[in-house]
Amino acid sequence: SNLSDECNRMLVLASVLGREFALDALARLAGVCEDELLDTLDEPIADRVVSDVPAGAGRLRFAHVLIRDTLYDGLTSARRVRLHRLVLDALEALYGEEPGPHLAELAHHAVAGRDLDQGVRYARRAGDRALRLLAYEEAVRLYETALETLDLSGASDERARCRLLLSLGEAEARAGDAPAAKGTFIGAADIARRLGLASELA
């Protein structure tokens, strides 16, 4: 309450980005240049509401997760969805066609912004990337997110579900969870058999 209105506006936008946030992403979301943003953020930095991320050039974080959560929870559901969509647009413009390590972040904002088709696509790509990097537990989490988002979307794309199950099963197997992988592969096989997808069934 001791901070200026403009400062609070920036902090609300930052809360949608997360506990940690990149200055270039916040500047793009707020529609200001980074110098102007830094001037505005001098207040909360001085009051220790936000601070630098160690070894994270160009990144800040809320001093406590409760500060971030209080700002975020103060938004209406409709406003929250709208802001997540704006974040998604800003991050897509910032990261370009090859978002690489930011895929999971994009998936999160797509799902929170109710852009479910994009959410499935980004979560799957993030899962594929985690699998390539041998981060098997993370790949499992991301493929599960993709499947849950596919359910939320109401899409009846059983072929896409089958392929996601195959990817999830592979990640589970590589993570050492053979029973889960077996169940996932059986689910994929049932779909492949029903749809006559010979390659997926094999």
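The values are calculated or read from the model by the stated rules, or taken from the named source; none is laboratory data. Source: prediction; values computed, not measured. Here the Cβ is made from the backbone with ideal geometry for all residues, glycine too, and neighbour counts use every protein chain on show. The accessibility values were calculated without ligands, DNA or RNA, using every heavy atom of the protein model including side chains. Shrake-Rupley method; radii C 1.70, N 1.55, O 1.52, S 1.80 Å.
Centre-to-centre separation between the Cα atoms of the range 167-202 and those of the range 97-116: 25 Å.
With every protein chain in place and a 1.4 angstrom probe, the accessible-area ranking of R132, R48, R68, largest first, reads R48, R132, R68. Loop-located GluC sites (Glu not before Pro) in the range 96-202 (DSSP state other than H, G, I, E, B) with a sparse environment of at most 10 neighbouring Cβ atoms within 10 Å: E97.
Over the range 77-197, what relative contact order in percent results from Cα pairs under 8 Å that are six or more residues apart? Walk me through the intermediate numbers first.
Working: 145 pairs, mean separation 21.8, N = 121.
With pairs under 8 Å counted, the relative contact order is 18 percent.
Could you pull out which residues in the range 51-87 have an amide N less than 18 Å from a spot 7 Å beyond the Cα of V12, following the Cα-Cβ vector? Correct set: 67-87.
Taking the range 109-129 and a reference point 7 angstrom along Cα→Cβ of S156, the backbone N atoms nearer than 20 Å belong to 116-117.
Ignoring any ligand, DNA or RNA, what whole percent of the accessible area of the chain comes from carbon and sulfur when the probe is 1.4 angstrom?
Here carbon and sulfur together make up 50 percent of the probe-accessible area.
The Cβ shell under 10 Å around L147 holds other residues with a net charge of -1, Lys and Arg each +1, Asp and Glu each -1. Rounded to 0.05, the FRET efficiency of the T70 and R174 pair, given R0 = 30 Å and the Cβ-Cβ distance, is 0.15.
Solvent-accessible surface of protein heavy atoms, probed at 1.4 angstrom with all chains present, puts D5, D35 in the order D5, D35, largest first. Among S167, S51, the sequence by solvent-accessible area, most first, with a 1.4 Å probe is S51, S167. Annotation: extensible slack from E20 through D190 equals 57.0 nm (criterion: 0.36 nm per residue apart, minus Cα-Cα distance). Overall, the chain carries a charge dipole of about 840 debye about its Cα centre when +1 sits on the Cβ of Lys and Arg and -1 on the Cβ of Asp and Glu, all other atoms neutral.
Dividing the Cα radius of gyration by the Kirkwood radius, what Rg/Rh value follows for the range 67-186?
Working: Rg = 15.4 Å, Rh = 15.0 Å.
On the Cα set of the range 67-186, Rg over Rh gives 1.02.
The alpha-carbon positions of the chain define a convex hull whose volume is 136 Å³ per residue.
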